[in-house]
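K.L.:
Sharing a structure here in structure tokens format.
The values are calculated or read from the model by the stated rules, or taken from the named source; none is laboratory data. Please read all numbers here as calculations on a predicted model, not as lab measurements. Cβ sites come from the backbone with ideal geometry, for glycine too, and all protein chains shown count toward neighbours.
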Amino acid sequence: MDTFRLAWKNLWRNRRRTLITLTAIAFSIMLVQASHNLSFGVYERMVDSGVRAGSGHIAVYRDGYLDGREETLNFNDGNLVNEIEALEGVSRVLPRLYIPGLAQSSRESRGILLIGVDPEREKLFNPFLQKLTDDEMIRSTDARDAIIGWRLMDELQIRPGQKFVVTAQHSDGTLHGELLRVRGVVQSGIKDIDSSLIMVGRERAALLIGQPGKTHELAIILRTAKLDRQVFPKVAELVKKQPELQAVAWETAMPNLANAIKLDYASSQFIFLIILAIVTIGVINTLLMSVMERMREFGVILALGSTPLRLRWTILVEACLLGAVAALLGSLLGSLATWYLWSVGINLETFVPETLEFGGVVFEPVLRATWDIAWMIKIAFYVVGLTLLASLYPAVKAGRIAPVEAMRHH
């Protein structure tokens, strides 16, 4: 206890230096914690938006489909949709059929991607369809209604309510066409999608290619992304009933999004390392200067019979106290910053368009944090350990002081 009391008093001999170092460490902890929580909040919303418009938290495909997305690699889902939806943690299964084709109006023609969907299921979860009214939605899975990207609609020079033709390759090798009517218009914010997307009922799309009842993808939406480790093995077990099928995580189904998040997180980690390196230098500087200023005092203590080990222990305790106080203060500030970023967020609407695109996913320009308490505690303890590590050199130097030379030091 005497050692802790002495170490605490030693820290405050030079109040200004200690306060500056303490503030720098606490601010660094706050910055790292708040930045991490903000990044994870943004990633979480990106993944949520991406899986709903894309391939789900978990997806089921025919073996080999992801390699080249060949139209022939489809399958009959049978009762698989209902079986997966019965699993705990699964919110909805979205069956989809993807067909490349050609859209033609009386004026223009464009290459398109025709997606056959279950309109009732998609309306509840697909963010592209959230803004559409009931009158703009596809009425049934076999209706001739179509939802079209706004850029594609302009390029075809058609308007809502007007008709156009979609042509695709039939299973017999010939080209078949379907007359569709524009019912709703999608403005996703992604140029490629807005320029090529056409959604129709899944049965209508299957009839176009002569594959009734077939699907290319089962996009499985979970109640929360954290349930994927629990649900994935159960889905994989159900899929085993059809050996030609495979279940994959969203990272495999949507590699562009996964790689974009990994790259962004890696750059954030690099910045964190720079911040922690600056913290380390600050701690070394504070403790080393403290040792140099007390050279004469240390010489007297050693001359009176104290051991070098006791001096080193005192320096280490000083570092531990400095790190602990900074960790508490920094975590408090980090919590306040996270709370602000979680409740209010950072609004980028004045700097960017209404939506942002990252990794092929559109999300709102208001960035919000999410709470990662475990990581915040981890980084706080990490900084305490870092201050102890940074104190090793000053502690070793203090233990090597020669009493006679130190007592001559002014």
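K.L.:
Can you name the number of the only condition in (1) assigned to a loop (DSSP other than H, G, I, E, B); (2) hydrophobic (A, V, I, L, M, F, W, C); (3) within 16 Å of the chain's Cα centre (by Cα) that Phe40 fails?
P.N.:
Of the numbered conditions (1) assigned to a loop (DSSP other than H, G, I, E, B); (2) hydrophobic (A, V, I, L, M, F, W, C); (3) within 16 Å of the chain's Cα centre (by Cα), the odd one out for Phe40 is (1).
K.L.:
How many residues are crowded, with 17+ Cβ neighbours inside 10 Å and without any contact (Cβ under 8 Å) to a residue 24 or more places away in the chain if we restrict to region 369-390?
P.N.:
The number of residues fulfilling the criteria is 0.
K.L.:
Going by what's in this entry, would Thr355 be described as modelled with pLDDT under 65, within 27 Å of the chain's Cα centre (by Cα) and of a type in the set (S, T, N, Q)?
P.N.:
yes
K.L.:
What pairs can you find where one residue is in region 324-344 and free of Cβ contacts under 8 Å to residues at least 60 places away in the same chain, the other is of a type in the set (Gly, Ala, Ser) and in a helix (DSSP H, G or I), and their Cβ atoms are less than 8 Å apart, with a gap of 6+ or different chains?
P.N.:
Leu328/Ala380
K.L.:
Are any of the residues in region 82-93 without any contact (Cβ under 8 Å) to a residue 60 or more places away in the chain, in contact with a Ser or Thr (Cβ under 9 Å, 6 or more places away or on another chain) and either outside the structural domain of Leu227 (by TED's automatic domain parsing) or closer than 20 Å to Lys214 by Cβ (or both)?
P.N.:
Yes.
K.L.:
Are any residues in region 16-50 of a type in the set (Phe, Trp, Tyr) and touching a Ser or Thr at 6+ places or on another chain (Cβ under 7 Å), and if so, which ones?
P.N.:
Phe40
K.L.:
Sticking with this structure for a sec: Which fully enclosed helices (runs of 4 or more DSSP H) of region 189-287 have 2 or more residues being surrounded by fewer than 13 Cβ atoms within 10 Å (Cβ to Cβ), without any contact (Cβ under 8 Å) to a residue 12 or more places away in the chain and not assigned by TED's automatic domain parsing to the domain that holds Leu22?
P.N.:
228-239
Yes/no matrix, rows are residues, columns are (1) small (Gly, Ala, Ser); (2) at pLDDT below 75:
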{"site": "Thr3", "(1), (2)": "no, yes"}
{"site": "Leu19", "(1), (2)": "no, no"}
{"site": "Thr23", "(1), (2)": "no, no"}
{"site": "Ile29", "(1), (2)": "no, no"}
{"site": "His36", "(1), (2)": "no, no"}
{"site": "Gly56", "(1), (2)": "yes, no"}
{"site": "Leu80", "(1), (2)": "no, no"}
{"site": "Leu94", "(1), (2)": "no, no"}
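K.L.:
Being over 22 Å from Asp172 (Cα atoms) and of a type outside the set (Gly, Ala, Ser): is that true of Arg69 here? If you could, list the steps in order and put the result at the bottom.
P.N.:
Values: over 22 Å from Asp172 (Cα atoms): no; of a type outside the set (Gly, Ala, Ser): yes.
Criteria not met by Arg69.
K.L.:
Considering only region 163-170, I want to know if a residue exists there that is farther than 26 Å from Leu73 by Cβ, of a type outside the set (A, V, I, L, M) and out of contact with any helix residue (DSSP H, G or I) (no Cβ under 9 Å at 6 or more places or on another chain).
P.N.:
Looking for residues that are farther than 26 Å from Leu73 by Cβ, of a type outside the set (A, V, I, L, M) and out of contact with any helix residue (DSSP H, G or I) (no Cβ under 9 Å at 6 or more places or on another chain), one finds at least one in region 163-170, hence yes.
K.L.:
What are the residues in region 81-118 that are of a type in the set (Val, Ile, Thr) and under 21 Å from Arg151 (Cβ atoms), if any?
P.N.:
Matches in region 81-118: Ile99, Ile112, Ile115, Val117.
K.L.:
Just checking, how many residues over region 72-99 are among the hydrophobic types (A, V, I, L, M, F, W, C), part of a helix (DSSP H, G or I) and within 28 Å of the chain's Cα centre (by Cα)?
P.N.:
2
K.L.:
Given the options Thr370, Thr350, Thr338, name the one that is modelled with pLDDT of 80 or more and part of a loop (DSSP other than H, G, I, E, B).
P.N.:
That would be Thr370, the only listed residue that is modelled with pLDDT of 80 or more and part of a loop (DSSP other than H, G, I, E, B).
K.L.:
While we're on this one: Would it be correct to say that Ser343 is small (Gly, Ala, Ser), modelled with pLDDT of 70 or more, farther than 25 Å from Arg16 by Cβ and touching a helix residue (DSSP H, G or I) at 6+ places or on another chain (Cβ under 9 Å)?
P.N.:
Against the criterion (small (Gly, Ala, Ser), modelled with pLDDT of 70 or more, farther than 25 Å from Arg16 by Cβ and touching a helix residue (DSSP H, G or I) at 6+ places or on another chain (Cβ under 9 Å)), Ser343 does not qualify.
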